[in-house]
Amino acid sequence: MTQSIVALFDDRPFFEKAVAYGVQHGVLDQPKLDAIQTDAPKGMVQIARYFGSEFLRPELEKAKDRIVNMVSLTLQIQSGGDLRKAAEHLREHSFMSRSKAASDMLKALIVMPQNTHFGMNEHGGFSDKHIPQLAKWSLCNLAEYQAELAKRQQVAHVIDAAIWMADELGLHADDLEEAGCDAEAVIRTALLAAATKHKEMPDWVAFQKIIATLRKPSATKAINLAVPKNLPAEFKAAVEQVRQSIEADLPKILDSAITCQKLFNQTPAFVGRYFWVEDGLSEVDHFDRQTSAAWTKATGGHSDDSSLLTLFLCIATGSTGKTLLTEKTAATLIRKIRKSGVQPELATAFIQANAPAEHQDDYIDIWEAFIDESLDTLASDHDYKLHDALSLLRRECNVAE
């Protein structure tokens with residue numbers, strides 16, 4: 001009995017099994033086998049050169065293992081483990097193309113996000129710095145590849161779901177990147193916002209109002225943390241998992257004895273667990289109504305035209321008020337203008353409500369002259385690389401080099 005079990009065990013690479021099956025069942029003819037024998041050594045040398053040196057025997061030996069493993073990986077995935085289908089794939093495609101197909105799959109895997117925290121994942125695709133990772137994954141088996149793919153797809157779904165839900169509440173993906181928040185935190189807040197009929201991603205003041213609404217005796221019995229009906233199907237499982245985590249948080253969220261400040265900003269388990277837009281201007285308006293204090297806080301004490309125009313433009317686009325922009329933040333601001341437009345009256349109203357009375361008319365004149373002269377350039381879709389718009393902001397506003 002033991003001998004028959006050992007006889008059935010076949011640990012050859014899947015590629016070798018597919019070739020053996022193809023020969024035995026007439027799927028692969030001699031010209032095809034000759035082509036494989038011609039391509040394989042060429043491929044080995046290319047792989048050895050890519051990962052190290054084609055002149056060292058150990059590197060060539062490892063290259064042989066890599067190319068056979070990658071071809072096996074492609075054949076297993078494309079055939080679903082069916083040897084006939086695998087042999088047919090070999091017949092219809094070149095040996096080198098099956099190796100490249102696996103290489104492309106592994107490169108795509110390597111650059112997939114591993115962390116749901118915005119700002120902690122790389123952008124820009126596969127590059128030379130990823131070659132050591134490709135060297136490792138080129139020797140992985142199918143189970144290892146599928147396990148890692150499933151894990152990273154789950155992370156990607158959480159991130160993409162957060163982007164989708166934030167966009168529904170008027171917040172762009174670039175804003176999430178700039179905030180450096182966690183995708184699950186964004187989803188949690190979006191679900192709370194939906195449950196309380198809020199249509200925008202809340203700032204801290206609005207977030208506290210959401211919690212206050214949930215804590216009302218009339219609301220606690222009818223809280224509906226529903227997954228959005230129009231949520232794309234591929235995100236539903238990820239969002240549902242996050243929704244269940246809010247259910248676990250509800251006892252503390254609904255506890256009126258704990259202030260929002262203490263729960264969300266001072267309780268370690270809740271710090272960063274929920275998301276709100278950092279809007280200093282909103283907090284100033286809420287907590288400090290004195291005009292002079294509000295103006296000083298918003299401007300940071302700056303009074304030069306460039307700083308003030310930077311602040312006014314941020315306010316007019318509904319962005320966090322700043323007197324100095326990074327290149328990335330400036331580009332985000334321009335894209336926001338082109339997507340959602342600009343409301344110059346918001347900046348004018350801010351000046352009228354907060355600026356020192358003796359300077360209000362001057363500040364309004366500076367702002368209106370700027371927006372009249374600049375809006376066409378900032379909003380122009382023809383400047384798709386943002387060159388003209390960024391040059392304008394560097395010249396008129398404060399943009400860090």
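The values are calculated or read from the model by the stated rules, or taken from the named source; none is laboratory data. Quick caveat: nothing in here was measured; it's all calculated off a predicted structure. Virtual Cβ from ideal backbone geometry, glycine too; neighbours counted across all protein chains shown. Side chains included, ligands, DNA and RNA excluded: accessible areas come from the protein's heavy atoms. Shrake-Rupley method; radii C 1.70, N 1.55, O 1.52, S 1.80 Å.
Please specify each residue of region 334-345 satisfying the condition of being over 15 Å from residue 170 (Cβ atoms) and open to solvent by less than 20 Å² (accessible area, probe 1.4 Å).
Residue satisfying the conditions is 334 alone.
Given (1) open to solvent by 50 Å² or more (accessible area, probe 1.4 Å); (2) farther than 24 Å from residue 15 by Cβ, identify the lone condition not met by residue 155.
It fails just one condition, (1).
Restricting region 18-39 to residues that are more than 42 Å from the chain's Cα centre (by Cα) and among the β-branched types (Val, Ile, Thr), which is least open to solvent (accessible area, probe 1.4 Å)?
Of region 18-39, the ones more than 42 Å from the chain's Cα centre (by Cα) are 20-35, 37-38.
Subset that is among the β-branched types (Val, Ile, Thr): 23, 27, 38.
Working: 23: 77, 27: 11, 38: 75 Å².
So, considering only residues that are more than 42 Å from the chain's Cα centre (by Cα) and among the β-branched types (Val, Ile, Thr), the one least open to solvent (accessible area, probe 1.4 Å) is 27.
Determine which single condition residue 117 fails, assuming it passes every other condition in (1) at positive phi; (2) in contact with a strand residue (DSSP E or B) (Cβ under 9 Å, 6 or more places away or on another chain); (3) not basic (Lys, Arg).
The number of the failed condition is (1).
Suppose we keep only residues that are among the aliphatic types (A, V, I, L, M) and outside any helix (DSSP H, G or I) within region 134-189. Which one would you say is farthest from residue 116 (Cα to Cα)?
We begin by selecting, within region 134-189, every residue among the aliphatic types (A, V, I, L, M); these are 134-135, 139, 142-143, 147, 149-150, 155-156, 158-159, 161-163, 165-166, 169, 171, 173, 176, 179, 183, 185-187.
From what's left, outside any helix (DSSP H, G or I): 139, 169, 171.
On the way: 139: 27, 169: 19, 171: 17 Å.
For region 134-189, the residue satisfying everything is 139.
Looking only at region 309-329, decide whether some residue is among the acidic types (Asp, Glu), closer than 20 Å to residue 349 by Cβ, open to solvent by 20 Å² or more (accessible area, probe 1.4 Å) and part of a helix (DSSP H, G or I). Full working, then the answer.
Step one: of region 309-329, the residues among the acidic types (Asp, Glu) are 327.
With the extra rule that they be closer than 20 Å to residue 349 by Cβ, the set shrinks to none.
No, region 309-329 contains no residue that is among the acidic types (Asp, Glu), closer than 20 Å to residue 349 by Cβ, open to solvent by 20 Å² or more (accessible area, probe 1.4 Å) and part of a helix (DSSP H, G or I).
For residues in region 40-91 being in contact with a helix residue (DSSP H, G or I) (Cβ under 7 Å, 6 or more places away or on another chain), among the polar types (S, T, N, Q) and part of a helix (DSSP H, G or I), which is most open to solvent (accessible area, probe 1.4 Å)?
Selected residue: 78.
Can residue 96 be described as under 21 Å from residue 139 (Cβ atoms), open to solvent by 30 Å² or more (accessible area, probe 1.4 Å) and either over 36 Å from the mean Cα position of the chain (by Cα) or not charged (D, E, K, R) (or both)?
Working: under 21 Å from residue 139 (Cβ atoms): yes; open to solvent by 30 Å² or more (accessible area, probe 1.4 Å): yes; either over 36 Å from the mean Cα position of the chain (by Cα) or not charged (D, E, K, R) (or both): yes.
Yes.
Picking from 290, 244, which residue would you name as being at pLDDT 90 or above and open to solvent by 30 Å² or more (accessible area, probe 1.4 Å)?
Working: 290 fails: at pLDDT 90 or above.
Only one candidate qualifies: 244.
Looking at the structure I just gave you, is residue 360 open to solvent by 50 Å² or more (accessible area, probe 1.4 Å) and either in contact with a helix residue (DSSP H, G or I) (Cβ under 9 Å, 6 or more places away or on another chain) or in a helix (DSSP H, G or I) (or both)?
On the way: open to solvent by 50 Å² or more (accessible area, probe 1.4 Å): no; either in contact with a helix residue (DSSP H, G or I) (Cβ under 9 Å, 6 or more places away or on another chain) or in a helix (DSSP H, G or I) (or both): yes.
Here the answer is no, as residue 360 does not meet what is asked.
Does residue 107 fit the bill of being out of contact with any Leu (no Cβ under 8 Å at 6 or more places or on another chain) and in a helix (DSSP H, G or I)?
Numbers: out of contact with any Leu (no Cβ under 8 Å at 6 or more places or on another chain): no; in a helix (DSSP H, G or I): yes.
Answer is no for this residue.
I want to confirm something. Restricting to region 119-128 and keeping residues that are modelled with pLDDT of 90 or more and either under 20 Å from the mean Cα position of the chain (by Cα) or closer than 26 Å to residue 161 by Cβ (or both), which single residue is surrounded by the most Cβ atoms within 10 Å (Cβ to Cβ)? Give the steps one after another, and end with the answer.
Let us first name the residues in region 119-128 that are modelled with pLDDT of 90 or more, namely 126-128.
Still in the list and also either under 20 Å from the mean Cα position of the chain (by Cα) or closer than 26 Å to residue 161 by Cβ (or both): 126-127.
Values: 126: 18, 127: 10.
So, considering only residues that are modelled with pLDDT of 90 or more and either under 20 Å from the mean Cα position of the chain (by Cα) or closer than 26 Å to residue 161 by Cβ (or both), the one surrounded by the most Cβ atoms within 10 Å (Cβ to Cβ) is 126.
Do we have residue 365 as modelled with pLDDT of 90 or more, in a helix (DSSP H, G or I) and open to solvent by 100 Å² or more (accessible area, probe 1.4 Å) here? Walk me through it before giving the result.
On the way: modelled with pLDDT of 90 or more: yes; in a helix (DSSP H, G or I): yes; open to solvent by 100 Å² or more (accessible area, probe 1.4 Å): no.
Spelling it out, it is not the case that residue 365 is modelled with pLDDT of 90 or more, in a helix (DSSP H, G or I) and open to solvent by 100 Å² or more (accessible area, probe 1.4 Å).
Hey, could you check region 293-302 for residues that are open to solvent by less than 80 Å² (accessible area, probe 1.4 Å) and part of a loop (DSSP other than H, G, I, E, B) and say which is modelled with the lowest pLDDT?
Selected residue: 301.
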